[in-house]
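**Student:** Supplied in structure tokens, the structure appears directly below.
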Amino acid sequence: MPGRAGALAFLIGLAGCADIIGLADYTVDGAGGAATTSTTTTGDVTASTSTGLGGSGGAPCVAEQETCNGLDDDCDGVADEPVTEVGEGCSGCTWALFEGRHYALCPVDVGACPGGMRIVVFQSLEERDFLGQLVPVDEAAALGLAQALSMIDLDAGWAWARTGMPIPWESGQPDDFGDPNFIEDGGEECGFILSSASEYVGVHDASCNGFANFIACEEIADECRSGEPCALPGGCVGTWDCGVAGGACEPAPADEVCNGLDDDCNGVADDQGACSCTDADLAGMTYRFCQFPTTVEDMHCGEGFVPAMPKSLEQLNAMLSMIAGYGSPVRIGVYQSTAATELASGWTYHDGSVFDPALWEGPIEPDDELGMTEAHAQDCAMIAEAFPAVHDYYCYDSLGYLCEMVP
């Protein structure tokens, strides 16, 4: 994901299932009247929002023309919108209407959504497409979407600030920013919507700081869509039940598949043998061999496991013994940097440490598809029963894979 200039004037806090602290619920109560200010502090960032809806002292709202004062002068439930309801409003926010609700893109240095608004959580693809059209070309807007800290899997730990639709990721997302970008490195833990007119569209992950110039805000309203899909923590997909006060996302269990998500809604991802994995204790390590074939970016090792990293001949031999009788190549956690210019340079383990070149099947490996020069055809590594050591291999061929327990 390319970087973007601009200070992102908020931090993401995680409480429970990735609740976004500081921007999730900037609300303003009532309409009109004298304003008060509430302050939310997250890390070293302090953000304020004006309150004071309703008449002074709690009297009924008396509609007047909207002005830039942090109040809902015209008594429509939101503060500081343009008189025409759309276009540029106070504090540099750009306003629009969708399905009868107010939306606003506000500069991040404003620090909060306008009164009566909160950060956007998508409920439909139509809403996503509408907001993408509102975002300026080559810009991005922050959503109420974040990944829990210390995740091992790119797909794991993502949750909306409140109940929303299953996350409509752009193809290839989430991807993280490192090299290679298919490794979860904690560098991109927030969700953004990009302009529909940009090279990159849809929902993307990116760094929580410095990526976007705007916060995407929407009018606080009932978001329940009876019978429509919604997302629960862990990737469980449910359906909206609007018969419950405020609406509820009721689990809709499905067959578990190997995708890093909790498809059957039992609180555990990829269980029920979905990835065809077996565990074994060898050479002082606990290894997991998953025979479900997948590309490198879709390796789902499970909680507490990462792709296997042979750091000694003893560990390599243990891995080879575990896959004995399996006739196909098996992927391991060894990758080459896309910046490497030589066949044997830039190889690292999944944890970022330098790969031990003594574990290659020398002198024939790495060979980058039998090439004499580095063409980045084979930037990943594999082992196989037929080979005594490590070979380079294609990243996007579907293979079984080995994982190891995190100490």
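**Student:** Sort Met322, Met299, Met117, Met285 by Cβ crowding within 10 Å, fewest neighbours at the top. Show your work: numbers first, answer last.
**Tutor:** Numbers: Met322 21, Met299 28, Met117 31, Met285 18.
Neighbour counts put them in this order, fewest first: Met285, Met322, Met299, Met117.
**Student:** In the stretch 128-275, what is the volume of the convex hull around the alpha carbon atoms, normalised per residue and reported in Å³? Intermediate results must be reported in sequence, preceding the final value.
**Tutor:** Working: hull volume 18.0 nm³, N = 148.
Cα convex hull per residue, to the nearest whole number: 122 Å³.
**Student:** Counting only other residues whose beta carbon sits under 9 Å from that of Ala156, what net charge do I get with K and R as +1, D and E as -1? It would help to have the intermediate numbers written out before the result.
**Tutor:** On the way: positive: none; negative: Asp153, Asp155, Glu184, Glu303.
Here the charged neighbours net out to -4.
**Student:** Place a label point 7 angstrom from the Cα of Cys242 along the Cα-to-Cβ direction, then list the residues of the stretch 89-123 whose backbone nitrogen is under 16 Å away.
**Tutor:** Residues passing the 16 Å test: 99-101, 123.
**Student:** Here's something else I'd like to know. Can you sort Tyr401, Tyr200 by how many other beta carbons sit within 10 Å, fewest first?
**Tutor:** Details: Tyr401 28, Tyr200 16.
Going from sparsest to densest Cβ surroundings: Tyr200, Tyr401.
**Student:** Compute the distance in nm between two label points, each set 7 Å from the Cα along the Cα-to-Cβ direction, one at Val86 and one at Gln65.
**Tutor:** 2.2 nm
**Student:** Compute the distance in nm between two label points, each set 7 Å from the Cα along the Cα-to-Cβ direction, one at Glu199 and one at Asp255.
**Tutor:** Placing both labels 7 Å beyond Cα along the Cβ direction yields 4.0 nm.
**Student:** Using Stokes-Einstein with the Kirkwood hydrodynamic radius over Cα pairs, what translational diffusion coefficient do you get for the stretch 277-405 at 4 °C and a viscosity of 1.567 mPa s, in µm²/s rounded to a whole number?
**Tutor:** Working: Rh = 14.5 Å.
Translational diffusion coefficient: 90 µm²/s.
**Student:** For Ser124 and Ser150, calculate 0.36 nm times their separation in residues minus their Cα-Cα distance, and state this gained length in nm to one decimal.
**Tutor:** Values: separation 26, 0.36 × 26 = 9.36 nm, distance 2.90 nm.
Computed gain between Ser124 and Ser150 is 6.5 nm.
**Student:** Follow-up question, since we're still on this one. With each pseudo-label sitting 7 Å past Cα toward Cβ, what's the Asn317-Thr373 distance in nm, one decimal?
**Tutor:** The two pseudo-label positions are separated by 4.0 nm.
**Student:** Note the full-extension length gain between Asn209 and Asp76 as 0.36 nm times their separation in residues minus their Cα-Cα distance, in nm to one decimal.
**Tutor:** Details: separation 133, 0.36 × 133 = 47.88 nm, distance 3.31 nm.
Once the chain is fully extended between Asn209 and Asp76, it gains 44.6 nm.
**Student:** In addition: Debye calculation, C-alpha points only, no solvent: report log10 I(q)/I(0) for the stretch 224-272 at q = 0.22, 0.26, 0.32 Å⁻¹, in the same order as the q values.
**Tutor:** -0.68, -0.83, -1.07
Values in this text are rule-based calculations from the coordinates and carry no lab data. Everything numeric in this text was worked out from a predicted model, so none of it was measured. Because the Cβ atoms are built from the backbone with ideal geometry, glycine has one as well, and the counts that use them run over all protein chains shown.
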